[in-house]
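Engineer: Please find one structure pasted underneath; my questions will follow.
The values are calculated or read from the model by the stated rules, or taken from the named source; none is laboratory data. Keep in mind that this is a model prediction, so the values were computed, not measured. Cβ placement follows ideal geometry from the backbone for every residue including glycine, while neighbour counts extend to all protein chains displayed. Calculation scope for accessible area: heavy atoms of the full protein, side chains included, ligands and nucleic acids excluded. Shrake-Rupley method; radii C 1.70, N 1.55, O 1.52, S 1.80 Å.
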Amino acid sequence: MDFQVVVLAGGASKNLIPLVSKEVPKPLLPVANRPVLSYVLELLEQSNLKDLIVVVEGQDAAVRVGGWISGAYVGRLRVEVAAVPEDVGTAGALRAIAHRLTAKDIMVVSGDLVSDVPPGAVAAAHRRHDAVVTAMLCSAPVSGPSESGSSGGKDKTKKPGRYNIIGLDPTKQFLLYIATGAELEKDIRMQKSILRAVGQMEIRADLMDAHLYAFKRSVLQEVLDQKDTFQSLRQDVLPYLVRSQLKSEVLLNGAPQAEENGNEKVNPLKNQVMLSQILANVSTPSFHELYGLGTNGSTRRTHKCCVYIASNSKYCMRLNSIQAFSDVNRDVIGEASHLSGYSFSAQNNIIHPSAGLGSKTTVGPHCMLGEGSQMGDKCSVKRSVIGRHCRIGSNVKVANSVIMNHVTIADGCSIQGSVICSNVQLQERVVLKDCQVGAGFVVTAGSECKGEALAKKEK
Amino acid sequence: MEARRPTRAVIDPKVRHVGFFAPPANPLPGPNSTLLSGSPAGNSLSPVMIPPPRHPSDRSPAVPVPDTGLRRQGSDHVPVGSYNPSESLLSSSPAASSPSGRVGLADGEFSEESDGWYRYRRSGSGKYDLPLPDTTPEKALDYSAKSSAAPVLESKKPAHVSGKSGKAVVEEQNELQSSSKRPKEKTTKAERRALQEAQRAAKAAAKEGNKSAAVSGGGPPSKPVKQPSIKKDAPPVSLSIAASDKKGSDRPPEKERKKDVPPPRMQFDDKSRVEKAKRRSVVHQTEARNRVELFRHLPQYEHGSQLPDLESKFFQLDPVHPAVYKVGLQYLAGDITGGNARCIAMLRAFKEAIEDYSTPPEKNLARDLTAKISSYVSFFTECRPLSISMGNAIRFVKSRIANLPLNLSESEAKAAVCSDIERFINEKIILADNVIVRHAVTKIRDGDVLLTYGSSCVVEMFLLYAHEMGKQFRVVVVDSRPKLEGQALLRRLVANGLSCTYSHINAISYIMHEVTRVFLGAASVLSNGTVYSRVGTASVAMVAHAFRVPVIICCEAYKFHERVQLDSICSNELGDPDAIAKVPGRMDVNYLNNWSNKENLQLLNLMYDATPSDYISMIITDYGMIPTTSVPVIVREYSREHLFI
C-alpha cells in the first residue's frame, strides 16, 4: 500500500528513570512479562506491515533492542534497527533516517504504544482525504485509579502534560488546533482564519494524542529540512502543520504541484481544468477547498490535517510515565487482556506451570505469575504481575504491583502499588506503598516506604 | 415510438402463444400463419440485415446464405419466448424444429422494443458469421449434386420468404421429416457424435441467455433446418470439419459475449446467494434489518459499520491497488458522488493500477489484467453499487484489454490501455460535456427562467457558459433532502454572478409557474427513453410536463444503456436510512432516534428514480439533440464506438 513504518522506540527515557536502566532501555520494559515494544510490533504484524524501521536512541540501547528483535521476530518481521544519538527528539530521529524513507506515506508509531486500534484505519483515513498528516487520537484515560496509585509529588508536574487541547471541525475529521497541556499557560490562541473558514470548532480536552501519525513523506521531509529547530514531532511539526493548513507553505514546491505540472503537459490545459472542476464540484467540499477557492478567485494553497479518533471500545495507552507503566500492566492482564496474547485460566489469571505456590497461597484474578517463580506459604497476590524466577517468601502480600524478574522477596513483606525492577532484594518485613525500586537495589529489613523512588546511585 | 407501441401490444401475446404452442401442437398452421405474417416484416427488415445483392443469388444452390441471415433473426429471439420447446424439439427431431425457427423469426420482427438491442449484438458478431457462408455453400453444392430432394426443399425456402402457401410448407415438412429419417440409418458414429457436439454447443450457447444473435452460426433453431441436409449427404469427413468449424467460429464470440453481458443482478432477497456473496466479500457488511418490503431485492447494509471495517483492513488487502482502495473508500464514505466524478475517479484508479501492474510469470497479460480489473470492480461494487455509466466504462476498459494485439510488449500494452482510458475520459466525458454545453446554450433565449434539480455537473457548466455568453436568464435551483446537493451548485452559481432562486422540491408546483425551461442531468438514459436519475427528477419532470414546460435532459452518451426499465423498483440503490432520519444541525428533531429498534418502522432512502420518456421533451447528448425515441439508435449505432474508439 506504499506505506513505510517507522517505530520510534526511544531509549533511556527520563520520565521512567528508576525503571529504565542501561540494561533495560524503555522499549524493553516488561509489560505482562513481554517487552513493551512487542505490543507495537505485533500490532503492526497483524496489519501485515512487516517491513519496519525501528529507531532507538543511543547505541547501546540499539544493540540491545536489535538483539532482542532479531531473536524474537526472526522470520516474522523484517526489521531494521537504527541508532540515533540521544536527545535529538522525535523530529531529529526522523531527520537522521530520512534517507531511508522512500514510500509515498510514512507511518510513525511510538514504540511505547499499547493498543489494539488497527493502524490501517489511520492510514485509510489519511489516504481518503489525501492529507498531509493524520494523527490518531484516543480518549484519554479516566484518571480514576491514578488518584489512588499515583506517587503524589511527581505526578503533579507530569499530569497536565498528558492532556491535549484539541480543536476539531464539526465532522470530527480535521484537526484545527492542537496543543499539549504542558505548553498551555492561561489562554489558548486560535487563528482567526481557520475559525472563520470552518465556522465551528469543537475543542476537546478528553482526547489523547496516541503518537501514531501518518505523514506524507514529501511534506515531512520538507518540513524537517527547512525547520532545523524542530525537535519533536508532537510539539513542533504537528502544530506547525496544523497552524499553516490554510496558508500552506510546505506544498509550494512539494510533490503535488509537480504532479499537476506533469499532467498538464500530457493533457490540454483546458481539459485538465475541467476535469478537476468536475471532480471538485461533485465531491463534498471540505472547508479547505471552500477556503482554497477564496473570494477573489485566486486559489490559495491549503493542506489537510486529519485525525482518526479511535472508538472507545478500543484500548489505547502510551507507556510514557511511571503511572502509565503500572496502569498498562494492570490493564493488559485485566480489562485489555486480549492484548497480552496469553490464555487466561478459569480464575482469570495466568500462572506459569513451572511456578510453585506454597500452601494457603492465593493468587487472585487479573494476576500473572511468570516462569519458575516460587512463592512461600500464606501469600496473597492481587492484580499484580510477577516476573520470572522470583523467589517470594511466606506471608507476603502483593497488590496492584509489578515485580520484574529475579526478584527476591523475604518473608512478611507487603507491597502495594509499586514497581520492583529486576534483581531487587527485599529483606524481611519491608513495607512498600507506591514505590519504585530500581534494578539491583537492596531494601533493608523492616524499612517502610511510601511514594518513594529507590534506586542505586549512578556510578 | 408511439406509433409502434400499439402494434407491439397487439402482437406480443400472439408471439408468445406461437412460441410455446405451435411447434409441438400442429406444425401446419403454426408456421403457416407465422410465415405469412412474418414475411412482410422480413422484407422491411432486410435492408438492415441482408445486403440486397445477395437476394437474387438466393435461388442458386447457395441458398443457406440468406437463409442463415433470416434464421439468425429467428434464433435471436428464441430466448425471448420460444426457446425451450424448440430446443427440446431440436434434440428429438431436427426436422420438427424448423417451424420453430420460423416462429422465432416472426417473433423477432414484432418485438420492436428489443430490436435495437439485438441488432447491435448482431452487428457486433458480424465477423464471426462470415465463415459460415463460406462453408455452407460448398456443402449445399455438393449435397445438391447428390440428392434430388433436398435441392427442391432448399430452393423453396426463398419462396416462403416472399410469401408461400401453406401447402409448400407442409411439403417441406414432409420432405424434411423423410430426409431426417434417412440420415439416422446412415450416420456413422463419428457423424452422430459431431452432430451431438454441435448441438450441445449450440444449446449451451443459447442458454447463456444471450440475446446474442450470433449464436446463429451454431444456434439451435437456425441450424437444424440446414443441418440434417448437410449431414445426410455430405461425406462424413466434411461434416466433422463443418462441425468443428462451426464450433471454432462461434465459440470465441460466445465467450466474449459472456464477458460483455453483465451477470444477472443479484437479488438480495435470495438468502442463499446473499450468504455466498458475503463470504466472498472484502467489506464486512451487516444487512440492515428494517428493510422495506418492496425493495428487499436491493442491497442494503448497516451503514455505520462498513467504513471502520474497511479502514481497519487497509494493510490486509494486498490484491487491491492503493489507488483503487482509496477510490473505493471515497465511494463508501460518500466523498465522491455524481456519475461523472465517480466514473472518472474509477478510470483514473484503473489507470494507476495498470501503470503499476506487471504480468506475473506464465500468465497472459490480457487475461490476468482483466481478472485484476474484475476484482477491483467487485471491490468497488462492495463499496457502493456501480452506476450504469461506470458499467459502460468498465466494459470499455475490458474490451480494450481483451483486444490488445498479442504482439505488444507489456509496457506497450499498458501504455496503450492507459492512453485509451485517458482518451475515454477526455472524449466521452469532457469533450462530450463541452459539446452538450454548446448545444444546450442554443436552447436559451433572453428572459428565460431555467429550473434545475439537484446538482448536475453538465447543467452547471452549461449555466455558467450561458452566463458567460451574456444571455439574460434566471435560474431556479430546486433541491431536496437529505443530500441537499443543490446548495453546492447554488453557491457556485451565485459566486459567478447568476441570479438564482432556491427552493425545495415541496414547492415545485408553485415555482413551476414562472419557469420556461427545465434542464436536468441524468445518471443514465435507458433504451426505452426512460431517464434514470437522482430521486425527485421524475416528479420535477412530471410537474413540468403538467405545466407544459419543456424538460431537457443533458446526458453524455456514454451513460446510455440498452437496458429497459419501466419503474424504479426493480433496479435502484438504497441510501443510508439514517440520512433521512436525522436533520443536520437540529438536535431537537430527534423523533426518529433509535428507529431501527422498532420492528414496525422501516425507512426508505431511495437514490434514483426513473422518469418515463413521456415527460421528456428532448435529450441533449454529445451526438446532438435527440428525442427520447432516438435513444435506441444511439445505443445501437454508437455503443460499438464506446468499445472501439
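Engineer: Taking the simple approach of a point 7 Å from Cα along Cα-to-Cβ for both B:LEU604 and B:ARG438, what is their distance in nm?
Structural biologist: Calculated label separation equals 4.3 nm.
Engineer: Obtain the nm distance between the two label points defined at B:LYS271 and B:ILE580 by a simple spin-label model: each point lies 7 Å from its Cα along the Cα-to-C-beta direction.
Structural biologist: About 2.7 nm, to one decimal.
Engineer: What number comes out for accessible area per residue over region A:370-459 if the probe is 1.4 Å? Units Å², please. Walk me through the intermediate numbers first.
Structural biologist: Values: 4120 Å² over 90 residues.
Accessible surface, normalised per residue, equals 46 Å².
Engineer: Then there's this: Give the long-range amide H neighbours of A:GLY358: residues separated by 5 or more places, or on another chain, with amide H under 5 Å away, using H modelled in the peptide plane at 1.01 Å from N.
Structural biologist: Excluding prolines and chain starts, which carry no amide H, the hits are A:MET375, A:GLY376.
Engineer: In addition: What is the packing order of peptides A:234-247, B:357-370, taking the mean over residues of other C-beta atoms within 10 Å and listing the highest first?
Structural biologist: Packing proxy ranking, top to bottom: A:234-247, B:357-370.
Engineer: How crowded by other chains is A:124-135, given as the mean number of beta carbons from other chains within 10 Å of each beta carbon?
Structural biologist: For peptide A:124-135, the averaged partner shielding equals 4.
Engineer: Which shape class, rounded, prolate or oblate, goes with region B:568-645 when its Cα gyration tensor gives a ≥ b ≥ c as root eigenvalues, a/c under 1.5 marks rounded, and past that a/b bigger than b/c marks prolate?
Structural biologist: It comes out prolate by the Cα gyration axes.
Engineer: Continuing with this model, one more query. Quick check: Cα centre of region A:57-111 to Cα centre of region B:510-582, how many Å?
Structural biologist: The two parts, judged by their Cα centres, are 58 Å apart.
Engineer: Still on this structure, I have one more. Show me you know the interface measure: the accessible area buried between B and A, both chains summed, probe 1.4 Å, in Å² to the nearest 100.
Structural biologist: Chains B and A together bury approximately 3100 Å².
Engineer: Okay, moving on. At a Förster radius of 60 Å, what calculated FRET efficiency corresponds to the Cβ-Cβ distance of A:VAL74 and B:GLU468, to the nearest 0.05?
Structural biologist: According to the calculation, E is roughly 0.35.
Engineer: Ok, one more. I'd like the projected area of region B:393-441, averaged over all directions, using the convex hull of its alpha carbons. Report it in nm² with one decimal. Display every interim value, and only then the final one.
Structural biologist: On the way: hull surface 14.5 nm².
One quarter of the hull surface, i.e. the mean projection, equals 3.6 nm².
Engineer: Using only the alpha-carbon atoms of region B:404-523 as identical scatterers, what base-10 log of I(q)/I(0) does the Debye formula give at q = 0.09, 0.24 Å⁻¹?
Structural biologist: -0.35, -1.39
Engineer: Right, here's the next one. So what is the relative contact order for region B:354-493, in percent, with contacts set as C-alpha pairs under 8 Å and at least six apart?
Structural biologist: 19
Engineer: Here's a follow-up. Beyond a 28 Å Cα-Cα separation, which of these cross-linked pairs lie in this structure: A:LYS314/A:LYS382; A:LYS227/B:LYS326; A:LYS104/B:LYS372; A:LYS22/A:LYS360?
Structural biologist: In this structure, A:LYS227/B:LYS326; A:LYS22/A:LYS360 exceed 28 Å between Cα atoms.
Engineer: Count, for each residue of B:453-461, the Cβ atoms from other chains sitting within 10 Å of its Cβ, then give me the mean as a whole number.
Structural biologist: Working: counts 0, 0, 2, 1, 6, 1, 0, 4, 4.
Average neighbour count from other chains, rounded to a whole number: 2.
Engineer: Roughly how many whole Å is it from the C-alpha centroid of region A:302-323 to that of region B:447-461?
Structural biologist: Region A:302-323 and region B:447-461 have Cα centres separated by 45 Å.
Engineer: Tell me which chymotrypsin sites (Phe, Trp or Tyr not before Pro) from region B:523-602 have a DSSP coil assignment and no more than 12 other beta carbons within 10 Å of their own. Write down the numbers at each step before the final one.
Structural biologist: On the way: sites: B:TYR532, B:PHE547, B:TYR558, B:PHE560, B:TYR591, B:TRP595; in loops: B:PHE547, B:TYR591.
Counting only loop positions with at most 12 other Cβ atoms within 10 Å, the chymotrypsin sites (Phe, Trp or Tyr not before Pro) in region B:523-602 are B:TYR591.
Engineer: Mind ranking B:576-584, A:330-338, B:521-529 by how tightly packed they are, going by the mean number of other C-beta atoms within 10 angstrom, highest first?
Structural biologist: Final packing ranking: B:521-529, A:330-338, B:576-584.
Engineer: Compute the label zone of B:HIS504 within region B:550-585: residues whose backbone N is under 13 Å from the point 7 Å along Cα-to-Cβ.
Structural biologist: Only B:580-585 pass the distance filter.
Engineer: Determine the shielding of peptide B:343-355 by partner chains: average, over its residues, the number of Cβ atoms on other chains within 10 angstrom of each Cβ.
Structural biologist: That works out to 1 on average.
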